[in-house]
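Structure record follows, encoded as structure tokens.
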Amino acid sequence: MATEATLEQARGGDDRAFGELTDPYLGELRLHCYRILGSVQDAEDALQETLLAAWRGLGRYEQRASLRTWLYRIATNRCLNALRASERRPRPVPAGPDFLTVEPTRRGEPVWLEPYPDALLEGLPDTGAGPEAQYEAKEAVALAFVSAVQHLPARQRAVLVLRDVLGFRAAEVADMLQSSEASVNSALQRARATMAQRLPGPGRERAPWPRSARERDVAGRFATAFALDDIDAVVALLTEDAWFTMPPATLEFQGPEAIAGFLRDIRRWRGPRRYRLVPVRANGQPAFGCYLQEGPDAVFGAHGMIVLTLSGGRISAVTRFVDNGNLGRFGLPLALDG
């Protein structure tokens, strides 16, 4: 908690006092920005902009709200600014492969998404959510949740995360966004409707407890099968409604048959290749750094990441990221010896 003495020291230009005020909130603010932006790098940039704005604006902090709420207000608006800037500079959507014989189940919208290292979740308070929160902490960091949020318009993203994840009251959110409670409630209603369409239904069997023996067994069997290019063994681990997605590519495959067909197309196109999967954790889920060997004597070069979503004792989603830019945050190298 901010003490008057520490606050006055920070207002006087004491950066150590400023760190004492803000350091306890850095982890949760970074995660907040990630939920809205979907990118770890963009979240880090927004966090740094938040701290700079807070440092410059500390003299105008009137303590009508808690310091935490004030920081969330700044961070949320920095995220909205980032989303507006990205709309003005749209990124090119990657074209899908032209060698497929299997028709994708659907062609979705491009989602600019990165996995979030579990190391950045360590030490975050479990009691950060207010009484009006609708999502549990584990659920609100899962890749499916963050992916669904990216389909919302910018303002709806902010309202949903502030209200249903963090549990801020409608009046507090309206103040943060310089809006009315009626506008906030309307945005929340529309956001909830979209999220209900995109998230698994309430009948879905729960995933094994994180880091449990059951989770390790399923993830280990997947890694072995994938590394051996044993498509039948990979498919045998999937639920009947499993999805295979590759954000930001728009091609999406659902069900063991469609996923198997896609993986076989990849194998026919690439020819025989060897993979290595290095286990890590992302978004509270089992994940792997993926490495591909292009020749018998070559090193294994980084080839993105794979994140698994589990349902019961099977895999309900495989999310394939091919960008290597996020590997360093997971402690993963760009190459492994052959």
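Look at residue 295 and say whether it is among the small types (Gly, Ala, Ser), farther than 21 Å from residue 140 by Cα and either part of a strand (DSSP E or B) or at pLDDT below 95 (or both). Yes; evaluated as a whole, the condition is true for this residue.
Scanning the range 221-241 for residues that are in contact (Cβ under 8 Å) with a residue 40 or more places away in the chain and either within 16 Å of residue 286 (Cα to Cα) or assigned to a helix (DSSP H, G or I) (or both) yields 222, 223, 226, 227, 237, 238. For the range 298-337, a residue qualifies if it is surrounded by 18 or more Cβ atoms within 10 Å (Cβ to Cβ), in contact (Cβ under 8 Å) with a residue 60 or more places away in the chain and part of a loop (DSSP other than H, G, I, E, B), and exactly one does: 326. For the range 166-189, name all the residues that are touching a residue at least 60 places away in the same chain (Cβ under 8 Å), surrounded by fewer than 22 Cβ atoms within 10 Å (Cβ to Cβ) and not in a helix (DSSP H, G or I). The answer is 177, and nothing else. Residues that are outside the structural domain of residue 168 (by TED's automatic domain parsing), under 19 Å from residue 161 (Cβ atoms) and not in a helix (DSSP H, G or I) occur at least once in the range 102-111. Residues of the range 134-143 that are closer than 17 Å to residue 193 by Cβ and either acidic (Asp, Glu) or surrounded by fewer than 18 Cβ atoms within 10 Å (Cβ to Cβ) (or both): 134 alone.
Screening the candidates 206, 214 for the property of being in a helix (DSSP H, G or I), touching a Gly at 6+ places or on another chain (Cβ under 9 Å), modelled with pLDDT under 95 and of a type outside the set (Gly, Ala, Ser) yields one hit, 214. Of all residues in the range 242-274, those satisfying the criterion of being within 24 Å of the chain's Cα centre (by Cα), under 17 Å from residue 222 (Cα atoms) and either hydrophobic (A, V, I, L, M, F, W, C) or exposed (fewer than 15 other Cβ atoms within 10 Å of the Cβ) (or both) are 242, 243, 244, 259.
Total residues in the range 275-292 satisfying the condition of being surrounded by fewer than 22 Cβ atoms within 10 Å (Cβ to Cβ) and not in a strand (DSSP E or B): the figure is 1.
The values are calculated or read from the model by the stated rules, or taken from the named source; none is laboratory data. Nothing here was measured: the structure is a model prediction, and the numbers come from that model. Please note: Cβ atoms are built from the backbone with ideal geometry, for glycine as well, and neighbour counts cover all protein chains shown.
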